[in-house]
1. Within the bounds of region 132-152, is there any residue that is within 28 Å of Ala61 (Cα to Cα), modelled with pLDDT of 95 or more and in a loop (DSSP other than H, G, I, E, B)?
2. Mind listing whichever residues of region 93-118 are in a loop (DSSP other than H, G, I, E, B) and within 12 Å of Ala172 (Cβ to Cβ)?
3. Taking the stated definitions as given, is Ser124 in contact (Cβ under 8 Å) with a residue 12 or more places away in the chain, surrounded by fewer than 16 Cβ atoms within 10 Å (Cβ to Cβ) and closer than 19 Å to Ala98 by Cβ?
4. Looking at region 129-152, I want the residues that are at positive phi and have a partner that is aliphatic (A, V, I, L, M) and buried (at least 18 other Cβ atoms within 10 Å of the Cβ) with Cβ atoms under 9 Å, at least 6 apart or on another chain. Which pairs are those?
5. I'd like the residue in region 59-82 that is hydrophobic (A, V, I, L, M, F, W, C) and surrounded by fewer than 24 Cβ atoms within 10 Å (Cβ to Cβ) and, out of all such residues, is nearest to Leu211 (Cα to Cα).
6. For region 1-81, which strands (runs of 3 or more DSSP E) that fit wholly inside it have 2 or more residues that are assigned by TED's automatic domain parsing to the domain that holds Pro153 and free of Cβ contacts under 8 Å to residues at least 40 places away in the same chain?
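The values are calculated or read from the model by the stated rules, or taken from the named source; none is laboratory data. Note that the structure is predicted; figures quoted are calculated from it, not measured. Cβ: placed from backbone, ideal geometry, glycine included. Neighbour counts: every protein chain shown.
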Amino acid sequence: MKILLINGNMTQAITDGCVNAAREVAAAGTEVIGVTGTFGPQVIGSRSENALAQHGMLELAASHSPGCDAVLIAVSMDTGLSALRELLPIPVVGMTEAAALTACTLGGRFSVVTFGRRNVPTYSELIAGYGLSSRCIGVEAIDAGPAAALSDPDSAVAALAGLAEAAIDRGAESILLAGAVAAGWQRGLQAKVPVPVVEGIRAGTLMCESLVRLGLPRPATGSYSSPGARAVHGVSPALARLFGGRP
């Protein structure tokens with residue numbers, strides 16, 4: 001099995017951390033291939049940067065997904081998830097969606113802890129879009145954004161632990177650690193809190209493997225079926241071919 005892990009921003013260190021986290025939990029025989037954005041935001045930390053990165057996600061998937069069995073989105077805003085599910089003939093999993101669904105299997109309500117307070121509404125909207133607001137205590141973020149957290153992970157984990165403890169006091173029964181920069185950090189956070197900590201790359205890798213093994217067909221009708229042949233301009237030949245229709 002081959003999983004394509006796509007990081008839509010231009011920070012190779014984030015891609016490398018995500019690939020390492022995915023390989024830690026992947027089954028023997030599963031190959032994880034990481035690709036990094038070639039244009040757009042250095043780090044995705046706002047709605048506008050997220051919008052820029054969506055095009056990049058489609059381009060990366062078009063160029064690198066042939067021969068792969070599943071795609072894992074290594075951006076915690078699940079950038080381009082719906083579009084990729086519509087276009088690709090293989091399972092596509094968003095890391096935060098996978099983590100949230102996994103958290104729902106571990107107890108009652110979960111809380112999201114992440115980086116950069118300006119992104120709290122964005123993550124709240126993402127959770128609401130998955131129909132999981134009633135299962136979520138809330139979203140809390142430390143002041144540091146992803147780039148600052150990457151430069152001092154120990155301080156970031158300590159600050160995230162404080163947010164997690166407060167959420168547990170309010171009734172959270174699991175913690176969703178959101179942020180591709182935090183792939184692999186769940187061990188440090190787990191050591192500091194008394195409830196399960198779910199990190200999206202690990203959860204998403206296992207979900208990709210499960211979906212591939214289930215072997216379910218893609219929808220033949222509805223909004224996630226192939227859009228058929230559509231005219232597009234100014235994109236790469238590989239992406240244009242995805243809009244060319246499929247049997």
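1. yes
2. Let us first name the residues in region 93-118 that are in a loop (DSSP other than H, G, I, E, B), namely 105-109, 116.
If the condition is that a residue be in a loop (DSSP other than H, G, I, E, B) and within 12 Å of Ala172 (Cβ to Cβ), then Leu106, Gly107, Gly108, Arg109 are the ones that fit.
3. Yes: the conditions hold for Ser124.
4. Listed by first residue and then by second, the contacts come to Gly138/Val112; Gly138/Ala167; Gly138/Ala172.
5. Here is the first cut: in region 59-82, the residues hydrophobic (A, V, I, L, M, F, W, C) are 60-62, 68, 70-75, 77, 81.
If we keep only those that are surrounded by fewer than 24 Cβ atoms within 10 Å (Cβ to Cβ) as well, we get 62, 68, 81.
Details: Ala62: 20, Cys68: 13, Leu81: 15 Å.
Selected residue: Cys68.
6. Details: elements: 2-7, 31-36, 70-73.
In region 1-81, there are no strands (runs of 3 or more DSSP E) which contain 2 or more residues that are assigned by TED's automatic domain parsing to the domain that holds Pro153 and free of Cβ contacts under 8 Å to residues at least 40 places away in the same chain.
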